[in-house]
Amino acid sequence: MSGYSTVVVGTDGSESSLRAVERAAAIAGQNIKLVIACAYLPSEAPDPAAADVLRDEAYQLQGANPVNDMLRTAEARALQAGAGNVEKRAIKGQPVEALLDLVKAQPEPSLLVVGNKGMNSLTGRLLGSVPSDAARKTSVDILIVHTT
């Protein structure tokens, strides 16, 4: 998988996304820059309807505090998997758009790595998922890691 100047991987803190981080780190190795990104939506007040639906996963929707913890965990996993040049990025916005904007800002050629979480769920089929939406919208190579 050489030939990439940058590998970008998204994480939401889930075990599934951390497996994608490990795969991206293995591809990046010691010489290629690995950018670990986590998107979040800033908000002063949580959305009670979303919190009711998402329950324990509601932290992923709002605020930047948990994002920094997620990025530190992902960085530790990337370093254990062999990455040597890691950059962490907390990005305000929706996950797909944030990842695609970040990839566009990287030098060419870049690789985008995402886990397959949500691709095979009913919600993912009806509303879309990060991996399927990213694959449709990106102009760079994308690796969808089987993580679930």
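Quick notes
- Filter result for Ile144 (at pLDDT 90 or above, within 16 Å of the chain's Cα centre (by Cα) and within 22 Å of Glu15 (Cβ to Cβ)): no
- When Glu87 is tested against (1) assigned to a strand (DSSP E or B); (2) more than 21 Å from Arg136 (Cβ to Cβ); (3) at pLDDT below 90, only condition (3) is not met.
- Whether a residue is β-branched (Val, Ile, Thr), in a strand (DSSP E or B), modelled with pLDDT of 90 or more and within 16 Å of the chain's Cα centre (by Cα) was assessed, and Ile36 passes this test.
- Residues in region 93-115 that are more than 13 Å from the chain's Cα centre (by Cα) and open to solvent by 40 Å² or more (accessible area, probe 1.4 Å): Lys104, Ala105, Pro107, Glu108, Pro109.
- Residues of region 21-39 satisfying the condition of being within 20 Å of Lys104 (Cα to Cα) and either aliphatic (A, V, I, L, M) or open to solvent by less than 10 Å² (accessible area, probe 1.4 Å) (or both): Val21, Ala24, Ala25, Ile27, Ala28, Ile32, Leu34, Val35, Ile36, Ala37, Cys38, Ala39
The values are calculated or read from the model by the stated rules, or taken from the named source; none is laboratory data. Quick caveat, the model's predicted, so the values are computed rather than measured. Every residue, glycine among them, receives a Cβ derived from its backbone with ideal geometry; neighbour counts consider all protein chains shown. With ligands, DNA and RNA removed, areas are computed over all heavy atoms of the protein, side chains included. Shrake-Rupley method; radii C 1.70, N 1.55, O 1.52, S 1.80 Å.
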